[in-house]
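Working notes for the structure below.
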Amino acid sequence: MWLFYHKLGSPKYFYSLAGKLIPWFGWLTLALIVAGLYGGLILAPSDYQQGESYRIIYLHVPAAWMSLFIYMVMATCGAIGLIWKMKMADVIASSSAPIGAAFTFLALVTGSLWGKPMWGTYWVWDARLTSELILLFLYLGFMGLQAAIDDKRSAANACAVLALVGVVNIPIIHYSVEWWNTLHQGTTVMRTDKKTMDTSMLIPLLTMAVAFKLYYATVLMMRARNEVLDRERDTSWVKELAAEA
Amino acid sequence: MPILPKHAHRRKKLGLILLMITGVGVAVGMVTMALKENINLFFSPSQVLAGEAPINHTFRIGGMVRTGSVKRSDKSLDVNFDVTDTAKNLPVVYTGILPDLFREGQGIVAMGKLRDDGVFVASEVLAKHDETYMPPEAAEAIKNAQKMQATLKE
């Protein structure tokens, strides 16, 4: 277990392992997205209140979950990078940021498109929507800070601190619908008191959630491989690779 | 603890990170608590009637449309209804098109001003929906079961 962990910390080992895993993850992602969308858009029944419009949930909710999940990955990597000075942690954090920003943007846009026909407005400054928008700015700030500092090491440290400070926003987003009164409805899936979604609707939703996670893993590995090559361009193994190609 | 970093300086760094997160958390927690009223999107009818809502200012009220209270005008888009939080009712007037989900018993959020006679003049009405999703047949079944139970109690 620890040997695997230490090996994963080596950029060369990561590069070759990720190269082998990407096709598997990619195809599995595609299969699950097709299954999830078919289940959500065709098999699942319409909603008693929202009719067919609720189906945007199959993009909106998984995207919103990913926006929180990826941020937690970045913050965790930030902490690991600060404490153990592990190169791969910096690579994972910096490669995750644009993916997280994209999911946050997707969650905001799909939410907005859902809001117009159901609520009657694209946007309202309630706690859930505002805190999710702040999350988008945190991602953009992270990317901006990284781009602004030339030295990779100091950039990673600065970004790690930013990511860790921003972690406060994550519970705020999750609990915003409970702590304050909002236009956004309460939590549907992540609750234990009662079942608020019919199983026939829930299964495609969870399928999409897993598909989005795998998509993240796939794209993350692709981006991280590029980042590794860039950072290690002066090492012998990258030069050998380049010579082969 | 085996999970803790072995080196003292790394342990110190971990401590600093946890301290930073706690510090920021406490600070943000205090700010959001102080601004609670501003972060809340709307006032409930009880709050409005208790005089907590701003006078002569635009604000939002939220609650359910009281069953049996919706009256639409035949000639115009005028509509009036009561918003209730089950404890207190607040009469609302509105001119315009209502969202599709607007109906009696539905949660809404309305923006507008309180008139001197205690009527809320809304300039915008938004519909809230809850976090339950189910097929229409399931909703029907629940309704029937509730009706059955009510009859049994009688």
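Take each residue of peptide A:177-190, count the partner chain Cβ atoms within 10 Å of its Cβ, and average: the result is 5. Of all DSSP beta bridges confined to the protein assembly as shown, the antiparallel ones make up roughly 85%.
How big is the dipole moment of the protein assembly as shown about its Cα centre under a simple scheme where the beta carbon of each Lys and Arg is +1, that of each Asp and Glu is -1, and everything else is neutral? Debye, nearest 20, please. The dipole magnitude comes to about 1400 debye.
Each of A:S200, A:S67 has its accessible area taken with a 1.4 Å probe; listed largest first, they run A:S200, A:S67. Note on A:K20: lysines with a C-alpha under 17 Å away, same-chain residues under 8 apart excluded, are A:K7, A:K12. Taken over region A:55-233, lysine pairs spaced eight or more positions apart, or on distinct chains, with alpha carbons under 27 Å apart number 7.
Could you work out the helix-only [θ] at 222 nm for chain A, with each DSSP H run of four or more residues adding -39,500 (n - 2.57) and the total divided by the number of residues, to the nearest 500 deg cm²/dmol? Don't jump to the answer; show the numbers that get you there.
Working: 9 runs with 185 residues, N = 245.
Helix contribution divided over all residues of chain A: -26000 deg cm²/dmol.
Relative to the 2.2 N^0.38 Å rule of thumb, region A:55-233 has a C-alpha radius of gyration ratio of 1.10.
Pairing chains B and A buries close to 3600 square angstrom of accessible surface in total, based on protein heavy atoms and a 1.4 angstrom probe.
Our summary gives chain B a relative contact order of 16 percent, counting only alpha carbon pairs under 8 angstrom and 6 or more residues apart. Using the alpha carbons alone, the radius of gyration of region A:52-158 stands to its Kirkwood radius in an Rg to Rh ratio of 1.08.
Rounded to the nearest 20, the Cβ-based charge dipole of region A:55-233 about its Cα centre (Lys and Arg +1, Asp and Glu -1) stands at 300 debye. Rg/Rh for chain B (Cα atoms only, Rh after Kirkwood) is 1.23.
Ranking B:G107, A:W123, A:I80 by how far each Cα lies toward the positive end of the dipole of the protein assembly as shown (charges on Cβ) leaves A:I80 at the top.
Both radii come from the Cα set of the protein assembly as shown: Rg as radius of gyration, Rh as Kirkwood radius; their ratio Rg/Rh reads 1.06. Taken along its principal axes, the alpha carbon cloud of region A:147-226 reaches lengths of 51, 32, 20 Å, longest axis first.
Per-residue ellipticity at 222 nm from helix content only, as computed over chain B with -39500 (n - 2.57) for each DSSP H run of at least four residues, stands at -11000 deg cm²/dmol.
For region A:72-181, relative contact order (Cα pairs under 8 Å, six or more residues apart, normalised by length) works out to 35 percent. For the residues B:D117, B:D74, a 1.4 Å probe over the protein chains yields an accessible-area ranking, largest first, of B:D74, B:D117. On the principal axes of its alpha-carbon atoms, region A:55-102 has extents of 44, 14, 11 Å, going from largest to smallest. Surface composition of the protein assembly as shown: carbon plus sulfur atoms contribute 65% of the solvent-accessible area (1.4 Å probe, protein chains only, all chains present).
Per residue of B:37-44, other chain Cβ atoms within 10 Å of the residue Cβ number 5 on average. When only alpha carbons are used to place a centre, region B:108-154 and region A:182-212 end up 21 Å from one another. Note on A:116-126: average number of Cβ atoms from other chains within 10 Å of each residue's Cβ is 5. Solvent-accessible area of B:E140, all protein chains in place: 100 Å² (probe radius 1.4 Å, heavy atoms, ligands and nucleic acids excluded).
The values are calculated or read from the model by the stated rules, or taken from the named source; none is laboratory data. Just so it is clear, the model here is predicted, and its values are computed rather than measured. Note: ideal-geometry Cβ built from the backbone for every residue, glycine included; neighbour counts use all protein chains shown. These accessible areas exclude ligands, DNA and RNA; they are computed on the full protein's heavy atoms, side chains included. Shrake-Rupley method; radii C 1.70, N 1.55, O 1.52, S 1.80 Å.
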